[in-house]
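Enquirer: Have a look at this one.
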Amino acid sequence: MTEENKFSMNQDILILAIESSCDETAAAVVKNGREVCSNIIASQISLHTLYGGVVPEIASRKHIEKINQVIEEALSEAGYALQDMDAIAVTYGPGLVGALLVGVSEAKAISFATGIPLVGVHHIEGHISANYIENKELEPPFICLVASGGHSHLVEVKDYGKYEIIGRTRDDAAGEAFDKVARAIGLGYPGGPKIDRAAKEGNPQAIHFPRARVEDNDYDFSFSGLKSAVLNYINGCQMKGETIPVADIAASFQQAVVEVLTEHSLRAVRQYGYDKFAIAGGVASNSALRAALQTGCEKQKIRFYYPSPILCTDNAAMIGAAGYYEFIKGVRSGLDLNAVPNLKLGEG
């Protein structure tokens with residue numbers, strides 16, 4: 001019996017997962033793709049806040065310091081030993097190349113030393129798979145909006161590991177726009193949660209910011225013009241000697257982003273004929289976006305799925321979930337696995 005076929009669906013499969021694509025060093029133990037036995041995250045937010053954003057060189061060095069520690073803690077909290085693992089899943093792209101290399105090198109070293117099979121995982125596939133952890137009934141096919149600091153994708157999830165991107169950002173990702181606007185109005189890094197909090201004190205109708213449409217693809221996104229409009233508004237206030245209305249800017253900007261993401265997403269679900277929709281990525285934890293999508297899905301009788309905020313951030317549990325479905329399909333990575341910073345969904 002081949003290795004690919006020796007695992008039955010009745011046998012528990014344990015995945016040790018590693019994630020280091022940006023500024024979180026994370027490790028998790030996941031059973032059967034949907035049960036999280038441990039999920040350890042060492043965040044660098046407080047460090048990068050000093051610089052107003054992620055500094056790649058610093059992120060890589062911190063990953064090196066933390067990687068062994070988080071793996072040991074993940075195994076300990078789960079109550080398993082390394083030799084109990086059936087596979088090691090690791091993010092190999094997209095992301096910061098130096099940060100990715102730390103996780104990939106660690107996973108390859110463990111695989112080489114122990115003989116445990118290695119499975120390279122796409123970071124965006126991990127975000128999508130975070131929905132499987134808390135929504136046991138969710139299975140493909142469905143439409144998923146992946147919105148984070150580096151990505152704004154509308155994805156048709158045809159099957160486990162089988163995706164088609166139907167819409168993507170042409171410039172700034174939604175999370176990137178949040179970070180840049182937050183910095184411009186003095187809220188600092190990370191921008192997403194800070195704008196979310198500030199917006200609760202502001203009027204979302206106070207300032208009209210543009211909602212961009214991309215002519216040749218109704219599902220693509222563009223947030224660069226919106227960001228520029230916010231910066232121009234701030235400059236106008238400064239030139240007139242007016243106080244910058246931080247809460248109103250935050251609320252109005254957030255409303256513009258939410259309207260675009262919601263409208264594109266619900267139109268895609270309708271036109272592709274699905275009754276299931278999920279969100280993923282850091283921006284998926286935005287309270288206004290969740291509320292708008294919840295309302296829209298209820299009106300159209302669409303089942304709406306979303307991960308808890310902790311699973312929207314970069315974490316290893318989602319990588320373990322994605323890695324499980326790759327593993328049971330027979331996917332194995334060799335020791336020549338390398339970091340691919342610009343890896344496209346569906347490649348590899």
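Enquirer: Among the numbered criteria (1) more than 20 Å from L96 (Cα to Cα); (2) buried (at least 16 other Cβ atoms within 10 Å of the Cβ); (3) of a type outside the set (A, V, I, L, M); (4) within 13 Å of the chain's Cα centre (by Cα), which one does P309 miss?
Expert: Of everything listed in (1) more than 20 Å from L96 (Cα to Cα); (2) buried (at least 16 other Cβ atoms within 10 Å of the Cβ); (3) of a type outside the set (A, V, I, L, M); (4) within 13 Å of the chain's Cα centre (by Cα), P309 misses just condition (2).
Yes or no, residue by residue, for (1) surrounded by 20 or more Cβ atoms within 10 Å (Cβ to Cβ); (2) over 17 Å from the mean Cα position of the chain (by Cα); (3) assigned by TED's automatic domain parsing to the domain that holds A317; (4) among the hydroxyl-bearing types (S, T, Y):
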{"site": "H123", "(1), (2), (3), (4)": "yes, no, yes, no"}
{"site": "V146", "(1), (2), (3), (4)": "yes, no, no, no"}
{"site": "S152", "(1), (2), (3), (4)": "yes, no, no, yes"}
{"site": "D159", "(1), (2), (3), (4)": "no, yes, no, no"}
{"site": "D171", "(1), (2), (3), (4)": "no, yes, no, no"}
{"site": "D179", "(1), (2), (3), (4)": "yes, no, no, no"}
{"site": "I185", "(1), (2), (3), (4)": "yes, yes, no, no"}
{"site": "Y189", "(1), (2), (3), (4)": "no, yes, no, yes"}
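Enquirer: Which residue is farthest from P140 (Cα to Cα), if the candidates are limited to segment 282-310 and must be modelled with pLDDT of 95 or more, part of a helix (DSSP H, G or I) and in contact with a strand residue (DSSP E or B) (Cβ under 8 Å, 6 or more places away or on another chain)?
Expert: L289
Enquirer: What pairs can you find where one residue is in segment 147-174 and without any contact (Cβ under 8 Å) to a residue 24 or more places away in the chain, the other is acidic (D, E) and part of a strand (DSSP E or B), and their Cβ atoms are less than 9 Å apart, with a gap of 6+ or different chains?
Expert: Partner pairs satisfying both residue conditions: K158/E164.
Enquirer: Checking V119 against (1) surrounded by fewer than 21 Cβ atoms within 10 Å (Cβ to Cβ); (2) assigned by TED's automatic domain parsing to the domain that holds I88: exactly one of these is not met. Which one?
Expert: Status for V119: all satisfied but (1).
Enquirer: From the list A212, A199, which one is buried (at least 20 other Cβ atoms within 10 Å of the Cβ) and under 24 Å from the mean Cα position of the chain (by Cα)?
Expert: A199
Enquirer: Provide a single number: the residues in segment 135-151 that are at pLDDT below 90 and out of contact with any His (no Cβ under 9 Å at 6 or more places or on another chain).
Expert: Counting residues in segment 135-151 that are at pLDDT below 90 and out of contact with any His (no Cβ under 9 Å at 6 or more places or on another chain) gives 1.
Enquirer: Go through (1) part of a helix (DSSP H, G or I); (2) crowded, with 23+ Cβ neighbours inside 10 Å; (3) not hydroxyl-bearing (S, T, Y) one by one and return the number of the condition I279 breaks.
Expert: (1)
Enquirer: Output the residue which, of all residues in segment 262-276 that are part of a helix (DSSP H, G or I) and among the basic types (K, R), is farthest from F223 (Cα to Cα).
Expert: R270
Enquirer: Where in segment 1-106 are the strands (runs of 3 or more DSSP E), entirely inside, with at least 1 residues that are of a type in the set (S, T, N, Q) and under 19 Å from the mean Cα position of the chain (by Cα)?
Expert: 24-31, 35-43, 87-93
Enquirer: If only one of A292, A250 is of a type in the set (G, A, S) and buried (at least 21 other Cβ atoms within 10 Å of the Cβ), which one is it?
Expert: After ruling out the rest, the residue left standing is A250.
The values are calculated or read from the model by the stated rules, or taken from the named source; none is laboratory data. Remember, it's a predicted structure, so these values are computed and weren't measured experimentally. Neighbour counts run over all protein chains shown; Cβ positions are idealised from the backbone, glycine included.
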